[in-house]
Structures are given as structure tokens and as C-alpha cells.
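These notes concern the structure reproduced below.
The values are calculated or read from the model by the stated rules, or taken from the named source; none is laboratory data. Note that the structure is predicted; figures quoted are calculated from it, not measured. When we count neighbours, we look across all protein chains shown, and the Cβ atoms used for this are built from the backbone with ideal geometry, even at glycine. Heavy atoms of the whole protein, side chains included, go into the accessibility calculation; ligands, DNA and RNA do not. Shrake-Rupley method; radii C 1.70, N 1.55, O 1.52, S 1.80 Å.
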Amino acid sequence: MKPKIKDVAERAGVSPTTVSRVLNNRGYLSKQTRLKVGQAMTELNYIPNDVARSLYTKKTNLIGFVFPSTANAFYGELIARMENICFELGYKVLLCNSSNQPEKEELYVAMLLGNQVDGIISGAHNRGIKDYQRSNLPVVGIDRYLSESIPVVSSDNYQGGRLATELLVQKGCTSIIHINGPRELETPANKRRDAYEEVMEGNGMTFKTYEIPVTAQEQQVDLVINCLFNENPGMDGVFASDDYLAARVLTEAKRRKIAVPEQLKVVGYDGTETMQTILPELTTIQQPLDVMAEKAVHTLIQEIEGKYDLVDTKEFVFPVKMIEGKTT
């Protein structure tokens with residue numbers, strides 16, 4: 001039989017209440033008492049019941065992450081950083097890949113609530129999932145507007161879009177195409193497109209954006225990239241909204257024997273360690289992942305502890321950095 005609290009109490013020579021106080025770190029207890037209880041737990045191989053503890057403390061120390069895909073380098077690296085911070089602060093993480101499917105996301109959010117998570121950090125696209133609206137559920141969005149009552153953490157998307165487009169203009173590009181997600185998505189990333197259009201217009205150039213569907217598979221992405229090249233034979237610059245798309249553009253340019261950067265210049269967005277290792281020549285806009293991860297986790301914990309006031313700050317925006325490589 002699995003040992004119980006009363007067994008630990010008997011072995012340590014204390015009351016079950018004292019064992020419970022040690023487990024939940026409640027009230028004053030001498031160092032000697034804590035050591036005796038700890039030794040008894042080790043000798044009996046006693047494993048505390050987290051569910052029972054949560055009923056007492058009113059916290060599970062569980063945080064849910066809901067993101068489109070951990071296969072994406074940006075999400076993967078951001079999640080890894082946030083998980084490490086959560087661990088250091090005594091929180092465990094339940095990770096959900098929504099695949100940008102509203103039904104899947106809704107089921108995952110319901111599952112997280114069923115497991116009584118203390119809060120959720122979401123980078124998924126689907127605004128309006130009813131459980132996000134619950135006033136008693138602490139939630140933080142990453143580059144996503146989930147509702148009016150949920151704070152958002154993002155990089156300075158407008159600054160990034162401006163830096164990318166201005167660089168291409170400075171390099172002599174006259175036909176610059178932008179690749180982004182659907183405009184109807186309620187995300188700060190749309191500001192990358194806003195900046196691109198304003199810079200193009202300010203320089204007397206025509207702007208044009210190709211949209212990648214949210215749930216696009218590789219074949220659909222390839223189709224958009226092919227159309228990009230087929231319909232714009234004179235383009236000499238591409239600003240892609242993420243490094244993955246920039247890499248696909250470079251692959252297609254190579255296949256068509258279009259010289260980069262002599263005939264075509266390309267700028268990506270994200271600047272993850274993964275892409276810098278795989279594609280070090282790519283010029284990109286780097287998002288400050290460490291700062292974003294820290295702000296997202298600490299804001300959520302402030303919400304959980306009732307110390308966050310949405311009136312003060314609803315959106316946290318952090319500066320980006322240009323990393324110029326050989327593609328421009």
C-alpha cells in the first residue's frame with residue numbers, strides 16, 4: 001500500500017497536521033521538525049498528492065500553454081524559455097498544440113480548466129474562445145489579441161516592419177513584395193504590414209502582400225510562393241513575416257536560378273537561434289525572446305496573485321533588432 005500522511009507522521013514522531021503544514025509550507029516550523037518529516041518521507045518513499053495539496057492551497061501550480069505548433073522555431077524557443085522560467089518559480093507546464101484549429105483549441109482550454117491550471121499563456125489565433133473570457137481565469141496572450149480583458153506581450157511589430165522595408169529600399173529595391181498572414185487575424189503582427197505599406201507609399205512605390213492561410217500545409221505555402229514569383233517577374237525585394245517563409249523564398253529563388261542578393265534581396269522576421277544556425281546568411285528582424293518570455297510569465301503570475309491591474313498596461317511591446325546577413 002502507498003504510504004499516507006499518518007504513516008509519515010508516525011515515522012517522524014509528529015502529528016498529521018504538522019506533516020501537512022510541512023508539505024504546504026504553512027506556519028512556523030523548526031528546521032529540526034522539517035528535517036524529521038523530510039527524512040520520514042524519504043524512508044517511506046512518500047509522494048505528496050498534488051491534487052489534495054491544491055485543495056488546501058487553492059493553487060495547483062500548473063500553467064497551461066496553448067500554441068499553434070512547437071515545430072515552429074519561434075514558438076519552440078519561446079516556449080522553452082517560458083517553461084524554464086515557470087520551473088524556476090515552482091510551476092509545472094501543460095503544453096497544448098492547437099494546430100490553429102478552433103475546435104482543438106477549445107477542447108484543450110476545457111482540458112486545462114478541468115486540470116485546474118492557475119493560468120494560461122496563449123499564442124493561438126482564435127479570439128472568442130469562451131473560456132478565455134472568464135474573468136476568474138488569468139490569461140496572457142503572446143502576439144495575439146484574445147479579448148479586451150487579456151494583456152498581450154509582443155515585439156514592436158511596426159518597428160520591425162519599418163526596419164525591414166526601409167533596408168530593402170536603401171539597398172535599391174523598387175519592387176518589394178510582403179508575405180504575411182490573413183489581415184483579418186487580430187494580431188499585433190498586422191503592424192508589420194502597416195509599416196511596410198506606409199514605407200512603400202512614402203517612397204512612391206506600389207505595395208503588394210501575399211497572404212498565407214493560417215492552417216496552410218507545406219503544399220499550400222509552396223503554391224503561394226510559386227504565385228509570388230510567377231506573378232512578379234520584376235520583383236527585387238521580399239519582406240517575409242517570418243524566417244520560415246523567407247527560407248522558402250530563398251529555396252524557390254535558387255531553384256529558378258535567381259541570384260541572391262544580386263537579383264533578389266530577402267528579409268525575414270523572428271531571428272531565432274535555430275534559424276541563425278541553419279540559415280546564418282539570412283537578414284532578419286530579431287524578436288527579443290528572453291524578454292518576451294519573462295514578461296509573459298511574470299504578468300501571468302501577477303494575475304494569479306491578484307497583483308495585476310489591466311488599467312495600467314494592456315499591451316507590452318519590446319524593441320526588435322536588425323540582423324543583416326548576406327541576403328540583402
Task: Around T251: net Lys/Arg minus Asp/Glu count, Cβ-Cβ under 15 Å - done: -1
Task: For the chain, built as a Gaussian network whose Cα springs stay under 10 Å, the top-fluctuating residue of I258, I225, I142 - done: I258
Open item on the list: Suppose accessible area is computed on protein heavy atoms with a 1.4 Å probe; arrange I179, I85 from highest to lowest.
Closed with: I85, I179
- [ ] At a Cα cut-off below 18 Å, give the lysines reachable from K104, other chains included and same-chain residues fewer than 8 away excluded.
- [x] K130
Open item on the list: Under 10 Å, Cα contacts only: if you run a Gaussian network model on the chain, which one of V267, V152, V22 comes out with the highest mean-square fluctuation?
Closed with: V22
Open item on the list: Largest first, please: the extent of the C-alpha atoms of region 184-328 along each principal axis, to the nearest Å.
Closed with: 58, 34, 31
TODO: Two decimals is fine: what is log10 I(q)/I(0) at q = 0.10, 0.12 Å⁻¹ for the chain, from a Debye sum with one equal scatterer on every Cα and no solvent?
DONE: -0.66, -0.85
Task: Positive minus negative residues near G237 (Lys, Arg vs Asp, Glu; Cβ under 12 Å) - done: +1
Open item on the list: Can you tell me which lysines have their Cα less than 18 Å from the Cα of K265? Leave out same-chain residues fewer than eight positions away.
Closed with: K171, K208, K254, K257, K326
TODO: Would you list, by chain and number, the lysines whose Cα falls below 23 Å from the Cα of K2, excluding same-chain residues fewer than 8 positions away?
DONE: K36
Open item on the list: Helix-only estimate, please: 222 nm mean residue ellipticity of the chain, summing -39500 (n - 2.57) across DSSP H runs of length 4 or more and dividing by its residues, to the nearest 500.
Closed with: -13500 deg cm²/dmol
TODO: Please give the net charge around K171, taking every other residue with its beta carbon less than 13 angstrom from that of K171, where Lys and Arg add +1 and Asp and Glu add -1.
DONE: -2
- [ ] Considering only A12, A246, A164, give the residue with the highest GNM mean-square fluctuation for the chain, with springs between Cα atoms whenever their separation is below 10 Å.
- [x] A12
Task: Computed over the chain: relative contact order in percent, which uses C-alpha pairs under 8 Å that are six or more apart - done: 17
